[in-house]
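The values are calculated or read from the model by the stated rules, or taken from the named source; none is laboratory data. Keep in mind the model is a prediction, meaning the values are calculated, not measured. Cβ placement follows ideal geometry from the backbone for every residue including glycine, while neighbour counts extend to all protein chains displayed.
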Amino acid sequence: MRPRAPIPVIAIQFFPFANVNNTIRLREGRLLVRLSDVLEGAPESVLRSIAHILLAKMYRKPIDRGYSTRYRKYISSHDISSKAHLLRQMRGRKRIDTPRGRVYDLNQIFDDLNARYFFGLLARPHLTWSQNHARNSLGHYDPAHNAIVVSRVFDHPHVPLYAVEYIVYHEMLHLKHPVKLRGSRRCVHSAEFQAEEKLFPQLEQAKLFLRRL
Ligand SMILES: [Zn+2]
């Protein structure tokens, strides 16, 4: 891929990611590769495909269709997905506690938003206030546990309902628009996602409030 460049030192390991995931980084001239341990024992053609995909990503080269198809087929095959699912269950001993906070009930907020903006069509995932009071993360959707987690700082009487609603609404959009792969790049907030986010009536107020917090 870079014929005139010297080959960097390469360090590869299988890593217990929560999901099937593979990463490549260049640090101080060393190429660090982590492959999901779900792929341990994968056939050589699959490992070769991953190597191609990761190197293409690293050096911004086009990915050969054949390799991406080979890899995707293997990942979506029954055996590998059940292995991944099992590992997730074993690792994911995340405490899911109550959706009912001191001020706001996340289930109630979800049901209300679902009726107002999604024709009641979304299945309710686990909803929970986070254990800690971290401000850097408003909330997130965790597909492995099918859970929406909202930072507990927002369960407070000084926080207006629309701000909490906006956080939950955003995560509901993640439920509705799963992360897409565009080439090898993850597209988290797609154009459709962003367009639909704008339908939330107090979007600007909510963003302003959260920014000031
Ligand atoms: Zn998001």
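With the checklist (1) at pLDDT below 90; (2) within 16 Å of the ligand (Cβ to nearest atom) in hand, flag the one item Q131 doesn't pass.
(2)
Filter segment 144-163 down to the residues that are part of a helix (DSSP H, G or I), out of contact with any Leu (no Cβ under 8 Å at 6 or more places or on another chain) and under 18 Å from Q205 (Cβ atoms), then identify the one that is nearest to the ligand (Cβ to nearest atom).
Keep residues of segment 144-163 that are part of a helix (DSSP H, G or I), which gives 152-154, 161-163.
Next cut, out of contact with any Leu (no Cβ under 8 Å at 6 or more places or on another chain) only: 152, 161-162.
This time we only want the ones that are under 18 Å from Q205 (Cβ atoms), so: 161-162.
On the way: L161: 20, Y162: 18 Å.
So, considering only residues that are part of a helix (DSSP H, G or I), out of contact with any Leu (no Cβ under 8 Å at 6 or more places or on another chain) and under 18 Å from Q205 (Cβ atoms), the one nearest to the ligand (Cβ to nearest atom) is Y162.
Tell me which residues, restricted to segment 179-191, are within 13 Å of the ligand (Cβ to nearest atom), loosely packed, with under 13 Cβ neighbours inside 10 Å and modelled with pLDDT of 80 or more.
Of everything in segment 179-191, just one residue is within 13 Å of the ligand (Cβ to nearest atom), loosely packed, with under 13 Cβ neighbours inside 10 Å and modelled with pLDDT of 80 or more, namely V188.
Under 8 Å between Cβ atoms, which residue pairs at least 6 apart in sequence (or on different chains) link something in segment 190-213 that is without any contact (Cβ under 8 Å) to a residue 60 or more places away in the chain and of a type in the set (S, T, Y) with a partner that is assigned to a loop (DSSP other than H, G, I, E, B) and surrounded by 15 or more Cβ atoms within 10 Å (Cβ to Cβ)?
S190/H177
Among the listed residues Y141, Y166, which satisfies the condition of being modelled with pLDDT of 90 or more and within 16 Å of the ligand (Cβ to nearest atom)?
On the way: Y141 fails: modelled with pLDDT of 90 or more.
One residue alone meets the criteria, Y166.
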